[in-house]
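Chemist: Encoded as structure tokens, here's the structure I'll be asking about.
Where a number appears in this text, it was derived from the coordinates with a stated rule and is not lab data. All values derive from a computational prediction rather than experimental measurement. Here the Cβ positions follow ideal geometry from the backbone for every residue, glycine too, while neighbour counts run over all protein chains shown.
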């Protein structure tokens with residue numbers, strides 16, 4: 001949820017784009033399925049709901065099984081190889097990244113896993129400028145966690161860069 005909010009704010013506040021961010025929680029607020037959608041456009045957004053995402057990120061097996069079938073044909077699906085076992089039955093470019101392992105190894109904590117994932121999304125797509133995301137992080141993240149979140153963002157960018165070679 002936080003990464004989606006950061007992405008939408010970066011688009012609107014710093015990249016002069018239009019964005020809508022929505023979120024929904026499963027039956028259990030903690031541990032249940034959650035979903036956050038972001039629509040980014042240069043034009044007005046007429047409908048704020050995502051029906052067939054161009055980009056889908058799945059950080060849990062539950063999310064993968066529930067949402068992978070709705071990705072737009074030819075879309076980009078990013079998953080965490082620690083938590084998600086993918087199947088090749090969706091018409092999408094699938095990138096399985098060691099997000100969790102990388103964050104644990106490099107930062108010692110999974111608290112910034114979502115920002116690492118955001119870095120990977122931006123590494124593959126360049127939806128918004130990296131500098132714009134860093135501006136939002138500067139404003140939203142407490143100072144004691146800012147360096148960790150910037151490092152996590154860079155780790156995600158590196159992981160995406162490694163996959164695109």
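Chemist: Among (1) more than 12 Å from the chain's Cα centre (by Cα); (2) closer than 19 Å to residue 54 by Cα, there is one condition residue 121 misses while meeting the rest; what is its number?
Modeler: Result: residue 121 passes all but (1).
Chemist: A follow-up question, please. Give me the residue from segment 5-24 that is free of Cβ contacts under 8 Å to residues at least 60 places away in the same chain and buried (at least 20 other Cβ atoms within 10 Å of the Cβ) and, out of that set, nearest to the chain's Cα centre (by Cα).
Modeler: Within segment 5-24, the match that is nearest to the chain's Cα centre (by Cα) is 8.
Chemist: Taking only segment 121-143 into account, find how many residues are closer than 11 Å to residue 153 by Cβ and touching a strand residue (DSSP E or B) at 6+ places or on another chain (Cβ under 9 Å).
Modeler: Result for segment 121-143: 1.
Chemist: Search segment 124-143 for residues being in contact (Cβ under 8 Å) with a residue 40 or more places away in the chain and over 19 Å from residue 41 (Cα atoms), and hand back the single one that is surrounded by the fewest Cβ atoms within 10 Å (Cβ to Cβ).
Modeler: 140
Chemist: If you don't mind, there's one more thing I want to ask. Among the candidates 99, 153, 118, which residue alone is touching a strand residue (DSSP E or B) at 6+ places or on another chain (Cβ under 8 Å) and surrounded by 21 or more Cβ atoms within 10 Å (Cβ to Cβ)?
Modeler: Answer to the check: 99.
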